[in-house]
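Accompanying notes for the structure given below.
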Amino acid sequence: MKVELNRVDQDFHFEARGNSTVAVNIDAAENIGGHNAGARPMELLLMGLGGCTSIDVILILKKQKQVLEDIKLVVEGDREKIPGTEMSPFTKINVHFILKGQLDPKKVEKAIALSMEKYCSATAQLRTSTEITHSFEIL
């Protein structure tokens, strides 16, 4: 896998593209000179995790013949600064699934567990250094 980042302005705004060729804008916070023209890099990590697991869950629910009308995820991460550095990695992440449809809660629970424990590569990447939990609700 390969991505490319191209600088858009003289500050921190970048346009990134991967194999999909869809542009993703990345920028820094305004308090350090960014222009709020894109997502922050750490936000993208949470978005990637959410996107990875949501695709898995949708595919698994389809295979289980569940009727999913809508899905929304709220991914929240706690960060702690590493002493002596400016690094603030995630220490805890919770992925909360909000689903709507004719869904069996046990099948939803199984789909999420399968994604988090067997399928989602983003979860595998992050869980080596971060505690990842999940929860769900069906509307």
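Read-outs: derived from the displayed coordinates by stated rules, not from any lab. On a predicted model such as this, the values are computed, not experimentally measured, just so you know. Heads up, the Cβs are rebuilt from the backbone with ideal geometry, glycines too, and the neighbour counts pull from every protein chain shown.
A few notes on this one:
- The chain - charge dipole about Cα centre, Lys and Arg +1 at Cβ, Asp and Glu -1, debye rounded to 20: 740 debye
- q = 0.15, 0.16 Å⁻¹: log10 I(q)/I(0) that the Debye formula gives for the chain, counting C-alpha atoms only: -0.86, -0.94
- Residue exposure sequence - 88, 115, 129 - by fewest surrounding Cβ within 10 Å: 129, 88, 115
- With at most 14 other Cβ atoms within 10 Å, longest stretch of the chain clear of loop trypsin sites (Lys or Arg not before Pro) (DSSP): 3-64
- Antiparallel bridges, percent of DSSP beta bridges restricted to the chain (to nearest 5): 70 percent
- Around residue 137: net Lys/Arg minus Asp/Glu count, Cβ-Cβ under 13 Å: 0
- Loop-located GluC sites (Glu not before Pro) across the range 34-109 with a Cβ neighbour count of 11 or fewer within 10 Å are 80, 86, with loop assigned by DSSP.
- The coefficient of translational diffusion for the range 74-114, derived via Stokes-Einstein from the alpha carbon Kirkwood radius under 10 °C and 1.306 mPa s, stands at 124 µm²/s.
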